[in-house]
Every structure is written in structure tokens, then in C-alpha cells.
Amino acid sequence: MSVVDDVVLAMADVMRLSEPGDRLLSVCVDVVGPEEVLACVRGEVAESRVVRALHDAGAEVSSADFATAVERWSARVNMLDAARDVRVMGKLGCRLIVRGGSEWAPALDDLGDERPLGVWVRGSGSLKVMASKAIALVGARAPSDYGVSVARSLGFELTRDGVAVVSGGAYGIDSAAHEGAMRGASGPATVAFMAGGVDSLYPKGNVDLLRAVAEAGLIVSECPPGATAMRHRFLARNRLIAALSGATVVVQAGFRSGAINTAHRAAELGRPVGAVPGRVTDPQSSGCHRLLRDGAAVVVTSTEEVKELVGGLDAVREGDSYAAQAELRITDDLDERELRVFAALPTVRGAGLDSVASKAGVTVNEARSVVGVLMMKGRAAKDVHGWKKSS
């Protein structure tokens, strides 16, 4: 096995240790490499050695904070089997692209310490090539006919002009954008970012569409094989959509739509943001109108105006439903850590804190603290078996 293969396998394991966007884990991999990170988590390398290396590299992290992180990461050590992951995913036509690899998209590096360690991809396209001319089309999961029509038209016309359309594979605007893109191109056309593993397509109602996307482009996720879509993972996914794309266009979205978060992430990265106006009385366009009023986006009404944003690019479970996806609100009254723990709670039979902590990617003490907060907010309850979502 080559050195490159060893690094890819090590990175596959490291990607299982924590949830997407773990800044400290990202810095550790940059400083000491994935293999030494694994050795430290397994107790084969002293934590002090890694902390010294971090300090030498200018990273500000205390020994106590690092120890807490290692405790959190070590809760998932028994899940690691990179060789199995690569083998199983290979049978599905999936591959792992790691930082600095030949297919890596440099645009993702603009996320700094939040950039993914790697991404699993499923499909025929090249991530690096598609990212070189890409625009994100995002919006509501329950749009109007007007919103669907605009998304399909923009998707079709952009890919006809050689631009890759990036979106999130969800119902509504995402689906329309992907559909339009596939109709408009003869080659790789569209990229769908998932909030779970690329081996388990979500939402279930879009399985046929997502399989078509894989044939006409790429399905991408930083989540490991078998990972299920959870609320906090949608939030983390949005930053990847924003980073990979040269510009982000919100086609139609209400105040609470996750697409607004994607737009803000794009703006934070210095990417242009556009919004399609709708009727002033239409709540489904209220998020677009807010972006425009606040100066966070510019009006776009045509494909040419979309391309002008970047200066012209030519230079869930069974029974999954629209209503179920609509519940994935990123502007809930829960912060990021609370969302992770809430998502890890079972719905019927309670689970112990160690199980909840492992699934959420937090320490047992953190899980204990958060479930208390969730209980006060009416989101968690305790039965004889442990903690679960409140009914």
C-alpha cells in the first residue's frame, strides 16, 4: 500500500472521530497529520506531545481543552474501520477525496479551520473541475410554482452555458435546480451536498433524483458512510455549498429557511450573493426580500445577471415527507451543541448518556449538561432506560 493510500485511510478514520466543522481536529490534522491524531486518540502517543506541536505551530489550545477533545474523539474509536469503509463505498462507486489530493477543490480551503478534512463523493464528475465554474442555487423546501419554475430555468440555462449547479438535494428549490441542470447539460452538470453519508441518499423521496445527480455530476458529503441526516449536519453542510460555489443565489426562501444561512456563509467568505424577488405579499419570498433590503444580496432576474455576480464564468427514513423535511429548521431555539445532542436522542426508548454522547460527538459530561437544558426547554425526557426526545 502506498503512502498516499495510508494517508487516505487514516483520514477516513479521523473523519469518523467528530462532527463536521471541528476546528481543533482540523488544526491537529494540519499540524501533526491524521496518523498521529489517531495514535494520540488511541493512547499510543502522549497528548502532551501533540499539544507541544500545536503550540509550536502557533495554535492556542490548553492542555485541558485538548484532553476534553481527546475524550470526545475517543468515544468513537470503536467505530473506526477505514479499510471497510473504502471497500464498501468503492462497491457503490464512491471515493474519498482528502485535502491536497489531486481532485481536491481549493475553494473549500477558504473555510480555514472549518474546511473539511475530506469529502466522500459519489458520481462521475470531478470535484475540482466542477468547482472551477460553479454557482449555488438554494431555497425553500416548499416553494411556490413560481419558485420551482425559476429554479429549473436557472439550472437549465447555467449548465447549458457550462456552469455547474450546486445545491443541497432537498425537496423544493434544490430539486428543481438539480432537475433543470441535468436537462441543460451534456456532461457533468450538478453537485448535491448531503447532510448524511453519500451511501444513504436523503430525503428518501428524492432517491431517484439523487441517483440521477450521481450519474450527471456528484453527490458530496463530509459525513462518513452510514451517517444519517441530522439537523446540525444540515447547518454544517451549508458552509460547503457556499464555499464550493463562486456565488450563491437564493431563488425563493422564507425568513426561517436554511437557504438564508447558506447565503450568510457565502457572504462571510466574500462570495457574491444574489436573490430572486417575488411578490411582496408572498411569505415564501420574505427571506429573499430581507436579504435585498439589508443589502446582503443583489437582485437577480436572469441567468446573465446570475453570471454577472462572479464577473462572467465564461472567463430520511421510510415515510419521509415534505412536512418532515420542513421541520429541519436551523433557526430553532437550540444552539449548535444542543442540536447535536437533540438529534442523537432516540424517539421511543431512552438511551444512556454514553450512547447519546458518542452519537452526538460530545463528552459524557457535555451530554449530561445539554440534556438538562433540553429537558428545561421541553425537548428531552427521561424514562427508565435513559434519555429520549420528549413526545
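The values are calculated or read from the model by the stated rules, or taken from the named source; none is laboratory data. Since the model is a prediction, treat every value here as computed from it, not as a measurement. Note: ideal-geometry Cβ built from the backbone for every residue, glycine included; neighbour counts use all protein chains shown.
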When residues of region 272-281 are limited to those that are within 21 Å of THR303 (Cα to Cα) and in a loop (DSSP other than H, G, I, E, B), the one farthest from the chain's Cα centre (by Cα): ARG279
Meets criteria (at pLDDT below 95, on the phi < 0 side of the Ramachandran plot and buried (at least 23 other Cβ atoms within 10 Å of the Cβ)) for GLY258: yes
All positions within region 205-235 that are at pLDDT below 95, of a type in the set (A, V, I, L, M) and crowded, with 24+ Cβ neighbours inside 10 Å: ALA229
Counted residues, region 155-194 - those being surrounded by fewer than 24 Cβ atoms within 10 Å (Cβ to Cβ), under 15 Å from VAL306 (Cα atoms) and either charged (D, E, K, R) or at pLDDT 95 or above (or both): 4
Odd one out for GLY197, checked against (1) crowded, with 21+ Cβ neighbours inside 10 Å; (2) closer than 21 Å to LYS133 by Cβ: (2)
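For region 284-391, give me every one of the helices (runs of 4 or more DSSP H) that falls completely inside it and has 3 or more residues that are at pLDDT 85 or above.
Numbers: elements: 286-293, 303-308, 322-326, 336-344, 353-360, 364-376.
It comes to 286-293, 303-308, 336-344, 353-360, 364-376.
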Top-ranked residue in region 78-96 [being small (Gly, Ala, Ser) and part of a helix (DSSP H, G or I); ranked as surrounded by the most Cβ atoms within 10 Å (Cβ to Cβ)]: ALA82
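Would region 132-150 turn up any residue that is assigned by TED's automatic domain parsing to the domain that holds ALA253, in a helix (DSSP H, G or I) and under 21 Å from ALA214 (Cα atoms)? Don't jump to the end; show me each part of the working.
From region 132-150, those assigned by TED's automatic domain parsing to the domain that holds ALA253 are 132-150; that's our starting set.
If we keep only those that are in a helix (DSSP H, G or I) as well, we get 145-150.
Okay, now just the ones that are also under 21 Å from ALA214 (Cα atoms), so none.
No: region 132-150 contains no residue that is assigned by TED's automatic domain parsing to the domain that holds ALA253, in a helix (DSSP H, G or I) and under 21 Å from ALA214 (Cα atoms).
Tell me the residue from GLY58, GLY100, GLY125 that is assigned to a loop (DSSP other than H, G, I, E, B), small (Gly, Ala, Ser) and under 24 Å from ALA177 (Cβ atoms), please.
Being assigned to a loop (DSSP other than H, G, I, E, B), small (Gly, Ala, Ser) and under 24 Å from ALA177 (Cβ atoms) holds for just one of GLY58, GLY100, GLY125, which is GLY125.
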So ARG72, is it touching a helix residue (DSSP H, G or I) at 6+ places or on another chain (Cβ under 6 Å) and not aromatic (Phe, Trp, Tyr): no
Any chance GLU60 is at pLDDT below 95, under 30 Å from VAL364 (Cβ atoms), outside the structural domain of VAL341 (by TED's automatic domain parsing) and not β-branched (Val, Ile, Thr): yes
Positions within region 182-204 being under 17 Å from GLY217 (Cα atoms) and hydrophobic (A, V, I, L, M, F, W, C), in sequence order: MET182, ALA185, ALA189, VAL191, ALA192, PHE193, MET194, VAL198, LEU201
Residues of region 225-271 classified as hydrophobic (A, V, I, L, M, F, W, C) and not in a helix (DSSP H, G or I), total: 10
